[in-house]
Amino acid sequence: MENITHFLLYFLEINAPLAVLGGFYLLALRKNTYCTLNRTYILLAFAIAFIIPLVESPISISGFISSPDTETPAIAIVPTLLLMESIEHTSDAIWTSWEFWVSMVFIVGFTVQRLRLLAQLISLYFFARKSLVRKTEDSKFYVSNQEISPFSFFGFIYINPSLYTEQELTEILTREQTHVKQSHSIDILLLEPFRCFFWMNPFAYILRKEARQNLEYIADRRVA
């Protein structure tokens, strides 16, 4: 029970800073034109929210680790019958406590989000295997005949050229090459695990959406 309580306290401690930092972004930074600043701020907001409780409240995680210096009551002096009753009572209390069920909801949600992320990566892998690889002097492509929206992931650009005119292709490739050269995929890959952990916090979804839009603004500037 004590471990569950410590976990919930830590969970609240990391979500409160993210809400504050997310609210500040929406009020003060969202409309500015410094896209690089916004990009850095959003990544730092998740990292800071995750780290602050560990720095300011180390006791929050102490419940998960047994300290060798902690005194342990001598079990030998406790009658066996009383010990068994205590264990049974504690077990019943855990199963009927709201802390336990809130923790279970978080764990289930976190697991589902991680499985979704894994499924997306697996889907991308099989999509790449079915596509043709093309290379130019400064780009690598996975060319597909499926109806997909162009996107890039690390050093590769995924596209179906037959869906676009020559002028549209030029603009699309300029935009996607910007994503590749500025390593925007790293932002996305860092944000996804954070989103999985903060899945109950609406600001996690808001900041993730803002981060994606901000990366698009950076790429669009190269086309304009």
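FYI, it's all coordinate maths here, none of it is from the lab. Keep in mind that what you see is a predicted model, and the values were worked out from it rather than measured. When we count neighbours, we look across all protein chains shown, and the Cβ atoms used for this are built from the backbone with ideal geometry, even at glycine.
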Cα gyration tensor of the range 122-172, axes a ≥ b ≥ c as square roots of the eigenvalues: rounded (a/c below 1.5), prolate (a/b > b/c) or oblate? oblate
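Just to confirm a number: summing +1 for Lys and Arg and -1 for Asp and Glu over residues other than residue 148 whose beta-carbon lies under 14 angstrom from that of residue 148, what do you get?
On the way: positive: 130; negative: 147, 176.
Value of the local net charge: -1.
Using the eigenvalues of the Cα gyration tensor, what equivalent ellipsoid semi-axes result for the range 93-182 when each is taken as the square root of five times the eigenvalue, whole Å, largest first?
Taking √(5λ) for each Cα gyration eigenvalue gives 42, 13, 11 Å.
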Could you go through the range 200-206 in sequence order and give the Karplus-derived ³J(HN,Hα) for each residue, using 6.51 cos²θ - 1.76 cosθ + 1.60 with θ = phi - 60°, rounded to whole Hz, and x for Gly and Pro? 8, 9, x, 5, 5, 6, 5
Residues whose built amide H sits under 5 Å from the amide H of residue 151, excluding neighbours closer than 5 in sequence, are 158
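Ranking request for peptides 99-110, 211-222: highest mean number of other beta-carbon atoms within 10 Å first, then the rest in descending order. Working shown, then result.
Values: 99-110: 13.9, 211-222: 16.8.
The most tightly packed comes first, giving 211-222, 99-110.
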